[in-house]
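Trainee: Sharing a structure here in structure tokens format.
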Amino acid sequence: MISHINKMNVFYGGHIIFVMTHAQIELFVKIADTGSFTKAGLELNMTQPAVSRAISTLEAELDVTLLIRDRKNGIMLTDVGKRILVLFRDILQSFEKVHQEIASEKGLEIGTIRVGAFPVASAHFLPKIIKVMAEQYPQLEFVIYEGTIDEIKEWLETRVIDVGLIIPPDDEFETIPLFRERMYAVIRDDHPLQNRSIISVKDLSNEPLISCKSGYEPPIVDLFNRARVDLRIRFVVRNVNSALSMVQEGLGIAVLSELSLWALPPNVLKKELEPEAFRDIRLAVPSLKESSNAVQTFIQTARKLFP
């Protein structure tokens, strides 16, 4: 964080049209993140009157309303506030990049990396990456955001995070392949297909299928299209544990990835599929060229650890 950058002058036609401080920008972003004047003030060591004055001054300088204070719904951003929030995040990240460039010139690697990942990826990849980086660059800080694939994409778009682990499609971001995992059919151990070593997708055509969110839909749709089998999904759940529990109760068959199946519950089996199916996990950033040195180092480290 660069606390010594005090003011930013915005010019138009050779004239200053408004002045805003780094503290105001940081405060506005913190309020948006926490949804609270009080929480933002506590995190930035500011009193609530000081927070209110700073935001009022910022809105007066910009001549727009950024926040709506509602007793029932709390703090809400106006439409222009949402657009400016994205720009303010870019400004703060630019300050961070300047700080990192200066540190890098001195042989240091510092800064904050904000990483978004869905639960399975968070558990499998992030501990190893962070451990190696923390040993090599002890001054780096990490902030982890865990959510669904859609949430991670939204966080990337709004610059809440610097880098995310996502599942394609991902056309709106620059991505780097990280890991390809095999998909399996998951059945109960008393299912008629229990003795098959490989289950054909055609054998699933009349089975009740359990679909999981978290990036499973695209590879499953592709699998059934390649097998020329109609996809009939009976249940859709948000997480893998729910899907496994439903399989355990005999409610259907799930198609899940290998990273989700390290510890199978009792009475549940995994079977290879014909045709084979895989799910790609990628590192995604809004722009590789604009990513900070710390984020570039994170990407390089991840690719070395998971070639």
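What follows draws every value from the coordinates through simple rules; no lab data is involved. Because the structure is predicted, anything quoted here is derived from the model rather than measured. Glycine also receives a Cβ, built like all others from the backbone with ideal geometry; neighbour counts cover every protein chain displayed.
Trainee: For F179, list long-range residues whose amide hydrogen, built 1.01 Å from N in the peptide plane, is under 5 Å from its own amide hydrogen.
Mentor: So F179 has HN proximity to I281.
Trainee: Can you tell me the FRET efficiency between S242 and I176 if r is taken as the Cβ-Cβ distance and R0 is 30 Å, rounded to the nearest 0.05?
Mentor: 0.50
Trainee: So if I restrict to the alpha-carbon atoms in the range 237-307, what is the Rg, and what is Dmax, the biggest pairwise distance, in Å?
Mentor: Answer for the range 237-307, Rg first and Dmax second: 17.6, 50 Å.
Trainee: Return the single residue from H22, H191, H99 with maximal mean-square fluctuation; model: Gaussian network over the chain, springs between Cα atoms under 10 Å.
Mentor: H191
Trainee: OK, next. Toward the positive end of the charge dipole of the chain, about the Cα centre and with charges on Cβ (Lys, Arg +1; Asp, Glu -1), which of I198, G215, I55 goes farthest?
Mentor: My answer, from the dipole projection, is I198.
Trainee: Still on this structure: Once amide H atoms are placed 1.01 Å from N in the peptide plane, what residues at a sequence separation of 5 or more from G147, or on another chain, have their amide H within under 5 Å of its amide H?
Mentor: A117, F118
Trainee: Could you run the Karplus curve 6.51 cos²θ - 1.76 cosθ + 1.60 with θ = phi - 60° over the range 60-73 and give me ³J(HN,Hα) per residue in whole Hz, x for Gly and Pro?
Mentor: 5, 5, 7, 6, 9, 8, 9, 10, 10, 9, 10, 4, 7, 9
Trainee: Now, a different point. Compute a Gaussian network model of the chain, connecting alpha carbons closer than 10 Å, and tell me which residue from E274, E43, E174 fluctuates the most.
Mentor: E43
Trainee: Applying 1/(1 + (r/R0)^6) with R0 = 51 Å to the Cβ-Cβ distance of D190 and F142, what FRET efficiency is obtained, to the nearest 0.05?
Mentor: Working: r = 45 Å, r/R0 = 0.88.
My answer for the efficiency is 0.70.
Trainee: Listed here are the pairs K39/K72; K82/K153; K270/K304; K153/K202; K202/K271; which of them are more than 24 Å apart at the Cα?
Mentor: Numbers: K39/K72 17 Å; K82/K153 16 Å; K270/K304 30 Å; K153/K202 33 Å; K202/K271 14 Å.
Where the Cα-Cα span goes over 24 Å, the pairs concerned are K270/K304; K153/K202.
Trainee: Also, quick follow-up: Bin width 10 Å, origin at 0, all Cα-Cα pairs of the range 22-81: what percent of pairs per bin?
Mentor: Using 10 Å bins, I get a P(r) of 24, 62, 15, 0 for the range 22-81.
Trainee: OK, next. Please list 3J(HN,Hα) in residue order for the range 30-46, calculated via the Karplus relation 6.51 cos²θ - 1.76 cosθ + 1.60 where θ = phi - 60°; whole Hz, with x for glycine and proline.
Mentor: Here the 3J(HN,Hα) series is 5, 5, 4, 6, 8, x, 7, 5, 5, 5, 4, x, 4, 5, 9, 6, 10 Hz.
Trainee: Do you know the relative contact order of the range 180-279, to the nearest whole percent, from alpha carbon pairs under 8 angstrom that are 6+ apart? Present the calculation step by step, with values, prior to reporting the outcome.
Mentor: Details: 186 pairs, mean separation 52.1, N = 100.
The normalised contact order for the range 180-279 reaches 52 percent.
Trainee: Right, next: Order by neighbour count: R182, R89, fewest other Cβ atoms within 10 Å first, most last. Please report the intermediate quantities before stating the final value.
Mentor: Numbers: R182 15, R89 21.
Sorted ascending by nearby Cβ count, the order is R182, R89.
Trainee: Per residue of the range 279-291, what does 6.51 cos²θ - 1.76 cosθ + 1.60 with θ = phi - 60° give for ³J(HN,Hα)? Whole Hz please, x for Gly and Pro, Karplus curve as stated.
Mentor: The phi angles translate into 10, 8, 10, 10, 8, 10, 9, x, 7, 5, 4, 8, 5 Hz.
Trainee: Output the 0 to 90 degree angle, nearest 10, between the alpha-carbon long axis of helix 126-136 and the longest principal axis computed from the alpha carbons of the chain.
Mentor: 50 degrees
Trainee: Show the residues, 5+ positions off or on another chain, whose built amide H is closer than 5 Å to the amide H of E274.
Mentor: Under 5 Å from the amide H of E274 lie the amide H atoms of I199, S200, V201, each far enough along the sequence or on another chain.
Trainee: Related question: How high is the relative contact order of the range 22-81, in percent, counting Cα pairs under 8 Å that sit 6 or more residues apart? Each step should come with its number before you reach the end.
Mentor: Details: 53 pairs, mean separation 17.2, N = 60.
Over the range 22-81, the number comes to 29 percent.
Trainee: Related question: List, largest first, the extents of the alpha carbons of the chain along their principal axes, each in whole Å.
Mentor: Result for the chain: principal-axis Cα extents of 75, 50, 37 Å.
Trainee: Then there's this: With springs only between Cα atoms under 10 Å, which of E61, E26, E258 fluctuates most in a Gaussian network model of the chain?
Mentor: Between E61, E26, E258, it is E61 that shows the largest mean-square fluctuation.
Trainee: Counting only DSSP beta bridges with both residues in the chain, tell me the antiparallel percent, nearest 5.
Mentor: Working: 29 of 48 bridges.
That works out to approximately 60 percent antiparallel.
Trainee: Still on this structure: Kindly put M76, M133 in sequence by how many other C-beta atoms sit within 10 Å of each C-beta, fewest to most. Present the calculation step by step, with values, prior to reporting the outcome.
Mentor: On the way: M76 13, M133 21.
If I rank by nearby Cβ atoms, fewest first, I get M76, M133.
Trainee: With just the Cα atoms defining each centre, how far is the range 161-203 from the range 30-85? Give it in Å.
Mentor: Cα centroid to Cα centroid, the span is 42 Å.
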